Amino acid sequence: MAHLDTSSQTCSPQSAAWNDACLAIELAAGMVSSPTSRMPTFCVKAQAGPVLDAWLERLQDVLPRDSTKQLQGTARFSDLLGGLDLSATLAAGKRVYEEGLLSRCHEGVLIIPLSAAMMPEMAAGFGAVLESGRVSVDGLSPASDQDLNLGLVIIDQGEDGEEFLSIGLRDRLMFHLDLSQVSLRDIGKRDEKNNRGIPKPALCDAALLEELCAVSLSLGLASIRPPHQALQVASFHAGLQDRSTVNREDVSTAIRLSLVNRALVYPIEEQDEALEEEANTSNPDEEKQESNRSTSDTMPNEMDVNSILATLPPELLMALKSNTNKRRGKRLAGRSGGKRISFTRGKPVGSIRGSFDHGKRLDLIATLRASAPWQTMRRQHSLNPNRIQVRKRDFHVKRYLKPSESTTIFVVDASGSTAINRLAEAKGAVELLLGESYARRDHVALISLRGQESETILPPTRSLTRARRTLSGLRGGGGTPLAHGLQKAMAVAQDELRKGRSPSLVLLTDGSANVSLEGLGGRAQAMEDAISMARGLASLEVATLVIDVSRSANGHAKTVADALRAKYVPMPFASSKNISDAVRVSQH
Amino acid sequence: MNEKREVYPFAAIVGQDELKHALILSAIDPSLGGVLALGDRGTGKTTTVRALAAALPTIEAVADCRYRCDPSDTTRLCEQCLETNRASQAKKVSVPVVDLPLGVTQDRLLGSLDIERALVDGKKEFEPGLLADANRGFLYIDEVNLLEDHLVDVLLDVAASGWNVIEREGLSVRHPASFVLIGSGNPEEGELRPQLLDRFGLSVDVETPMDIKKRVEIIRRRDTYDADPSAFIRKWKRETTKLRNRIDRARELIGFVTVDDDVLALIAEICIGLGTDGLRGELTLIKAARADAAWSGDTVVSSSHVRKLAPLALSHRLRKNPLDDARGSVRVERVLEEIYASRDAA
């Protein structure tokens, strides 16, 4: 099968990604036609566009006719289930159900483009369906349980490292593809259709399975599902090529198709070697991809990883090395900001009985449902017995959930005094905190203090890669425009508050301000400005953490921290627990 | 529903010893108050819970009763069973496991007006909800920490009394609803309310095995199971039967297990040492130790049973100490070591 063999031709990482995506389709088709016939599940990172359309078209070609359905990611899970057909029930005088979208998807594939985060309830619902392979028609009576072999294609349209799909559901999907970098010209010509036989899944020996498990762990995937899914991918890949045992190429393909794109940590240090080893055994274009990845994602050269490791407290180090640290998943797992119930905007979370004034929106279906049982009785006392009898107490209004996300604003002092002291450590610490924020899917912003003015070098983003790159470009030297930096931070924080997010501030400085708000030198004036700005910032009541990076705690940073009413952590004694706790506490 | 479905055999689960043990104990003594499994995703929590129910012996229930009333316990019959004489007609049913989906409505949980009867006959009739389905079985809540507050309140009420009382929409119904509450979740995604935490009898920290060999074994077994579930279940049938018999024996024995004053004093000392609120900790620890003794075939609870069960029964009842980041189980272990050391010395 020549078209399966993507390794023979060298091509750009983009077209390699495309080829992988097409390979996934082939494998999925194989799985569907195999005796167990499990429908495939995909998580595809892509924007709406011709590339995605082309891929979906290919997918639909290999699947049974009319077996795909599309759904908006903002729908409610209960909308997918069937339910009582009110009008039919009233007309027939007995309970009439209508089938829901989900039950019509048995042995089919549901395509869900996600342009916003998926509701937890929805994700949990799909998770349960994938887990049990069953669903009840109306979501209510267990008697109506039926088999549901559901295929899913979830298109995560999050940009910039942002992810809309919750980890819980992602964990249960088999193929993880990234088409976001692929452009139309990367798409090769379509291969002629081969006559596929029905593939028999191949067997995998213990050594290769072990390798699969090890790689999955080094990518931060502590769950047992990803390696299991990768095993299935590998054994089908071998099966498609009429081999009865899995070889290394199958394993590396499986890692590419199923694991790499959902990695929570990018392997650094010894993990790099493991992956490198992996890449060496596989095809050249993958190697290219891998090396691409490692150049863009590992820490920059100027920041010697090991020297930072050596100077950081051991607990911080543990967290940095956490690729294989099982506690990491626990400590860093997703935590979103507080959520608020709203009657006007946000994501729908059902409805409650109530009057629909003050811009609340009437939930017509729920209202009718509430009135339905009383029709017979009410008709007897009504002047207009032919109308549907709705009373005020039947009114249901829609409720919405407004998640309040959190944003961590880092203010990093890159002045001469700090640079001499411990800029490298400061960066290392920021990087760690960034990593944690990233794992929690928080937004991160970065403001640097250097020279005459501070600079917002990273507006609030969710992209860790971008933040890391920016951080690596951060050079030391110059004065400490602390007041100006705090002013900037205040502006960003206010902006975030307006957007409905809950900001928190992490300030890394030695506290010796020497540039005033006007950009003039002079320690006294600079300090005075900084203190007054800090007091202003404190009035926002944004949770703040000050990390004192001065070699000898000279008390300046403490003074600033007090003015900010912030938590103060001097670096020599700071532990990862202190820092991450402080950040976490401050974000509540 | 559950009966027909193939379930991964309990005996074939690799690792998870603490969770398995906790589940077995609450099967031996359902009044223990259930199990809370806290941990990462993909650690096999759901599989383990489902597997246990399938491994349990069947129970006697009134044949025509929707609540699966126990014919031998007249204090816990539903209204219909009390009024009619149907309690004499019994049949064997398997232990139910009911899933509580996150987005469940209060109506669905508690039961509500039967819309069909209301529409067709204009009659008010009660349609039982999930709590009724779970009577005498397990109620499993995945991601329990994300459960909405108003549902938690309802659950706590019913779990405490063992009865579900409905006074709404003109209905007035009361039916037995005693179930073993099994919750799972990842505490980092949302804290559990202390009231709900306290309600769980035992808590277990579930961790993904980091040992590659173990992981390989898990994946291997799961893969074999997926390929041919029936064959896999047959292969493990012996083990499953053995487990079932042992649980049965333990259930018979538990009535005869005694607890000495000395052990009671020890339990009190541990709870005081840990500063647990209320007495539920003590009570649970006594019950758990008794069930553990029955499981191991002992008729007297010894201090080693207490030692083994204390972390499970107490670790989630500690007050949060902001200066102490250690997990509850670690803190319990510390106190245990002190107490046992001083007792050994004495």
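No value in this document is a laboratory result; all are computed from the given coordinates. From a predicted model like this one, the values you see are computed outputs, not experimental measurements. Cβ placement follows ideal geometry from the backbone for every residue including glycine, while neighbour counts extend to all protein chains displayed.
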task = Give me the Debye-computed log₁₀ of I(q)/I(0) at q = 0.12, 0.18, 0.20 Å⁻¹ for segment B:6-94, equal point scatterers on Cα only, no solvent, two decimals.
result = -0.50, -0.84, -0.93
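Would you mind ranking A:V542, B:V14, B:V330 so that the residue whose beta carbon has the fewest other beta carbons within 10 Å leads the list?
With the sparsest Cβ surroundings first, the list reads B:V330, B:V14, A:V542.
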query = Can you list residues whose amide H is under 5 Å from A:G478's amide H, if they're 5+ apart or on another chain and H is modeled 1.01 Å from N?
reply = A:G416
task = Determine ³J(HN,Hα), in whole Hz, for all residues of segment A:173-185 in sequence, where each value follows from phi through the Karplus function 6.51 cos²θ - 1.76 cosθ + 1.60 and θ = phi - 60°; x replaces Gly and Pro.
result = 9, 8, 9, 10, 10, 10, 10, 5, 9, 7, 10, 4, 6
remark   = Calc'd 3J(HN,Hα), segment A:447-460, phi into Karplus 6.51 cos²θ - 1.76 cosθ + 1.60 (θ = phi - 60°), Hz, glycine/Pro = x, comes to 10, 10, 10, 6, x, 7, 9, 8, 9, 7, 7, 9, x, x
message = What distance in nm separates the two pseudo spin-label positions at A:E57 and B:K237, each 7 Å out from Cα along the beta-carbon direction?
response = 5.4 nm
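Can you give the translational diffusion coefficient of segment B:155-299 in µm²/s, computed by Stokes-Einstein from the Kirkwood radius over Cα pairs at 4 °C and 1.567 mPa s?
It diffuses with D of about 66 µm²/s by this estimate.
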message = As a test, work out the antiparallel percent of DSSP beta bridges whose residues both lie in chain B, rounded to the nearest 5.
response = 45 percent
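Please work out the FRET efficiency for the pair B:L82 and B:S31, using the Cβ-Cβ distance as r and a Förster radius of 22 Å; give the result to the nearest 0.05. Walk me through the numbers before you get to the answer.
Numbers: r = 23 Å, r/R0 = 1.02.
According to the calculation, E is roughly 0.45.
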remark   = Per residue of B:121-132, other chain Cβ atoms within 10 Å number on average 2
note = Per residue, the convex hull enclosing the Cα atoms of segment B:20-68 spans a volume in Å³ of 109 Å³
note = Under 5 Å from the placed amide H of B:V98, counting only residues 5+ away or on other chains, we find B:F138, B:L139, B:Y140
key: Degrees separating the helix B:45-55 axis from the principal Cα axis of chain B, which is the longest one   = 70 degrees
query = Applying 1/(1 + (r/R0)^6) with R0 = 41 Å to the Cβ-Cβ distance of A:E98 and A:K499, what FRET efficiency is obtained, to the nearest 0.05?
reply = 0.55
For A:R399, residues with placed amide H under 5 Å, excluding near neighbours = A:V349, A:G350, A:S351, A:I352
note = The ³J(HN,Hα) series, computed from each phi in segment B:121-133 with the Karplus coefficients 6.51, -1.76 and 1.60 at θ = phi - 60°, rounded to the nearest Hz and given as x for glycine or proline, is 9, x, 9, 8, 9, 8, 10, x, x, 5, 5, 5, 4
remark   = Taking every other residue with Cβ under 15 Å from the Cβ of A:T68 and scoring Lys and Arg +1, Asp and Glu -1, one gets -1
inquiry  = If each DSSP helix of 4+ residues adds -39,500 (n - 2.57) and the sum is divided by the residues in chain B, what number results at 222 nm, nearest 500 deg cm²/dmol?
reply    = -14000 deg cm²/dmol
query = Cα-based Rg (one decimal) and Dmax (whole number) for segment B:42-124, in Å?
reply = 16.7, 49
ask   = Over 19 Å between Cα atoms, which of B:K20/B:K308; B:K20/B:K287; B:K20/B:K214; B:K20/B:K45; B:K45/B:K214 qualify?
value = none
query = Between A:Q241 and A:L383, what length comes free when the chain is fully extended (0.36 nm per residue of separation minus the Cα-Cα distance, one decimal in nm)?
reply = 43.6 nm
message = Against the 2.2 N^0.38 Å scaling, with N counting residues, where does chain B land? I'd like the Cα-based Rg ratio to two decimal places.
response = 1.04
